[in-house]
Each structure stands twice: as C-alpha cells, then as structure tokens.
1. Given the options 66, 27, 71, 48, name the one that is surrounded by 13 or more Cβ atoms within 10 Å (Cβ to Cβ) and either under 23 Å from residue 137 (Cβ atoms) or of a type outside the set (A, V, I, L, M, F, W, C) (or both).
2. Residue 85 versus (1) at pLDDT 95 or above; (2) touching a Leu at 6+ places or on another chain (Cβ under 6 Å): which is the lone unmet condition?
3. Give 151, 78 a once-over and let me know the one that is open to solvent by 10 Å² or more (accessible area, probe 1.4 Å) and at pLDDT 95 or above.
4. How many residues are at pLDDT below 90 and open to solvent by 80 Å² or more (accessible area, probe 1.4 Å) if we restrict to region 186-197?
5. Pull up region 221-232, narrow it to residues that are part of a helix (DSSP H, G or I) and modelled with pLDDT under 95, then point me to the one that is most open to solvent (accessible area, probe 1.4 Å).
6. Got a sec? Which of 156, 124 is open to solvent by 50 Å² or more (accessible area, probe 1.4 Å), of a type in the set (S, T, N, Q), in contact (Cβ under 8 Å) with a residue 60 or more places away in the chain and closer than 26 Å to residue 71 by Cα?
7. Residues in region 87-108: is at least one farther than 22 Å from residue 165 by Cα, under 18 Å from the mean Cα position of the chain (by Cα) and open to solvent by 60 Å² or more (accessible area, probe 1.4 Å)?
8. Consider only pairs whose beta carbons are under 7 Å apart and that are at least six residues apart or on different chains; among these, list those whose first residue lies in region 204-232 and is within 26 Å of residue 189 (Cα to Cα) and whose second residue is assigned to a helix (DSSP H, G or I) and open to solvent by less than 70 Å² (accessible area, probe 1.4 Å).
Amino acid sequence: MEVAPELHLFVPAGRRGAATALATDGVSTLGHVVESLGVPLTEVGTLVVDDREVPVSHIPAAGERVSVRAVKRPQQVPGAPLRFLLDVHLGTLARRLRLLGVDAAYESTDIGDPALAARSAAEQRVMLSRDRGLLRRRELWAGAFVYSTRPDDQLQDVLDRFAPELRPWTRCTACNGLLREATKEEVADQLKGGTQRSYDVFAQCTACGRAYWKGAHHEQLEAIVGRALKER
C-alpha cells in the first residue's frame with residue numbers, strides 16, 4: 001500500500017515512504033483498512049487498486065497494489081449548498097469564515113461527537129474538526145480534517161479546499177445570522193456615548209439583534225478579508 005504524501009501525518013512513520021506490505025484478512029473492506037492506519041476517509045480522494053479506481057467497500061486481495069490518494073482541490077460537495085459545522089475547538093476559524101460571509105455553524109460547548117455528527121447529517125453541513133474519531137463517524141453527512149492549529153493557516157486551508165463563495169460583512173460573527181443595514185436609532189440601546197458620537201453607519205443581525213459598526217478592530221478585520229480575497 002502506498003499513501004499520498006499529503007496524508008503522511010496520519011500514518012505511522014514506517015509507512016510514509018515507498019509502498020509497504022500490509023496484511024489483510026480477506027474480509028475487511030479497503031475503507032476499514034485505510035482507517036485502521038489512521039487516515040480518516042474524509043481525507044481520501046480516491047482508492048486505486050492495480051491502476052483501477054475502487055470504492056471503499058472493495059475487499060483487498062493478496063498481491064494487490066493499493067494507492068491511497070488525497071482529496072482533489074477544490075473539493076466538490078454535491079447534494080446541498082456548501083455550509084459548515086465546526087466543533088468547540090475551532091471558534092476563531094468559525095468567526096473568520098462568518099466574517100467572509102460563509103455559512104459556518106459552531107458549537108461553543110462540547111456537545112459530544114454523536115450530537116455533532118447528527119447535526120451535520122440533519123443540516124447537511126460539512127463537519128470541520130481536528131478530531132479524527134469524530135470524522136470517522138458513519139452518520140456524518142460530510143467532513144474535513146483541519147490540518148493546522150493556527151487560525152490564519154486554518155482559514156487558508158478551508159478556503160483552498162472548498163473554494164466557498166465569499167460575501168464579506170454579510171454575516172454575524174457571533175451567531176452566523178445574516179446582517180442588514182440599520183439606523184443609529186435602531187441600535188441605540190447597544191451604543192455607548194463615544195460610539196454614538198463617532199459613528200453613523202451600522203448593521204444589525206437579523207437573528208440575534210447584535211449591532212455592528214467600523215470600530216477599533218475594523219482594520220484588523222479588513223486585513224483578514226483582504227488577504228482572503230487576494231488569495232482567491
């Protein structure tokens with residue numbers, strides 16, 4: 001079996017070079033064998049046996065040469081509008097995706113893998129996580145491993161992998177709701193004296209009611225948006 005270089009971080013060091021021999025029992029599927037090596041099937045693009053593509057249900061036989069290839073980018077996710085679900089450890093990434101107008105649901109508390117997988121299936125959302133066990137759950141609608149621990153790299157990776165449509169400044173970074181233009185009077189109860197005097201342009205979340213304006217952190221947010229748009 002030969003594993004693509006992009007997937008080497010999942011497998012033992014001894015299997016990261018050229019093709020290595022792997023014993024099979026004649027019963028387990030190729031998908032099960034690949035997962036037993038540590039590779040989530042969400043990260044597998046194609047499985048090739050003796051130069052022909054096979055499904056994960058293929059039962060490998062003695063002497064077959066297996067190649068495990070990574071997902072091709074940009075990855076197509078058919079069947080529903082592209083939207084995401086992020087686990088409790090990816091709050092910064094969720095807020096940055098929302099900043100760019102990407103539909104990104106986020107669980108701020110640890111509700112457990114079964115509940116996350118069930119929500120992914122019910123809402124047809126791509127589950128983003130660094131938890132390999134979660135990504136192996138069969139009830140997931142779709143999933144993807146987040147390779148980096150750095151938010152900047154995480155965002156770049158997700159945008160590169162899925163190429164979602166970007167509509168900056170259209171979603172609430174707190175709850176993922178859509179924003180609308182708002183008057184100062186409509187959001188006055190959320191404004192302090194200095195903000196009321198200094199700003200005249202506001203937006204408000206149609207879901208949670210949170211008010212937005214170009215405050216002290218706007219330049220930092222502009223930089224995140226500018227980098228994402230430039231890389232696209």
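The values are calculated or read from the model by the stated rules, or taken from the named source; none is laboratory data. Everything numeric in this text was worked out from a predicted model, so none of it was measured. All Cβ positions, even for glycine, are placed from backbone atoms using ideal geometry, and neighbour counts span all protein chains on display. Keep in mind that these areas ignore ligands, DNA and RNA; they rest on the heavy atoms of the full protein, side chains included. Shrake-Rupley method; radii C 1.70, N 1.55, O 1.52, S 1.80 Å.
1. On the way: 66 fails: either under 23 Å from residue 137 (Cβ atoms) or of a type outside the set (A, V, I, L, M, F, W, C) (or both); 27 fails: surrounded by 13 or more Cβ atoms within 10 Å (Cβ to Cβ); 48 fails: either under 23 Å from residue 137 (Cβ atoms) or of a type outside the set (A, V, I, L, M, F, W, C) (or both).
None of the others qualify; the one that does is 71.
2. The single condition residue 85 does not satisfy is (2).
3. Only one candidate qualifies: 151.
4. So the answer is 2.
5. Filtering region 221-232 down to residues part of a helix (DSSP H, G or I) leaves 221-231.
The next check asks that each one be modelled with pLDDT under 95; those that pass are 230-231.
On the way: 230: 176, 231: 111 Å².
The selected residue is 230.
6. Numbers: 124 fails: in contact (Cβ under 8 Å) with a residue 60 or more places away in the chain.
Criteria check complete, one pass: 156.
7. Checked against the condition, which is being farther than 22 Å from residue 165 by Cα, under 18 Å from the mean Cα position of the chain (by Cα) and open to solvent by 60 Å² or more (accessible area, probe 1.4 Å), region 87-108 yields at least one hit.
8. Going by the 7 Å Cβ cut-off, the qualifying pairs are 213/195; 221/99.
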